[in-house]
1. Which one, 127, 13, 95, projects farthest toward the positive side of the charge dipole computed for region 2-141 from Cβ point charges (K/R +1, D/E -1)?
2. Using a Gaussian network for the chain with springs between C-alpha atoms less than 10 Å apart, which of these wobbles most: 57, 44, 116?
3. Non-local amide H neighbours of residue 37 (under 5 Å, H modeled in plane, Pro and chain starts lacking H): which ones?
4. Where a ≥ b ≥ c are the square roots of the eigenvalues of the C-alpha gyration tensor, would you call the chain rounded, which needs a/c under 1.5, or, failing that, prolate if a/b is larger than b/c, or oblate?
5. With the cut-off at 1.5 for a/c, could you classify region 1-54 from its C-alpha gyration tensor as rounded, prolate or oblate?
Amino acid sequence: MRFVLDTNLLVSGVIATGLPRRLVDGAKAGEFDLCTSEVLLVELLDVLSRSKFAARLEQAGLTPQGIVDDLRRIAVVVKPADTPRVVLTDPDDDHVIAAAVIGQADLIASGDQRDLLPMSSFRGIPIVTAREAVERLEARRSPSSSG
């Protein structure tokens, strides 16, 4: 399985516990392939570099660049040739869609209640919450699952 995690889920997965962390840990453990793009990694670096995260990251012994480098090592980093205008209310989300399409992702996991989640899917790629993404992972792992 291949997942695109939007920036807000990646940030939550790095700085907090809960379902987003479960997804980040799942990607690190190889439970699914994390798919992203350079544009999304740059956005993640920008967000993690904000002063509001500095103390928490320092306390955990992490740096924004170190986090992005770690994710780059485990991720499939795709290079969309173009980014179609799909999410009219937030052009940054077009990069999430573009990475999922070019990376042939099985799903996009997002916490974006305003723009991405209301779309529910794009070109057959489901757009789901962190909870739904974790449930799909766990269903795949369970012995009763046919896989």
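Please treat every number below as a calculation from the coordinates, not as lab data. Not measured: the values here are computed from a predicted model. Because the Cβ atoms are built from the backbone with ideal geometry, glycine has one as well, and the counts that use them run over all protein chains shown.
1. Most positive-ward Cα: 13.
2. So, out of 57, 44, 116, the one fluctuating most is 57.
3. Under 5 Å from the amide H of residue 37 lie the amide H atoms of 78, each far enough along the sequence or on another chain.
4. Note, shape of the chain comes out oblate.
5. The shape class here is oblate.
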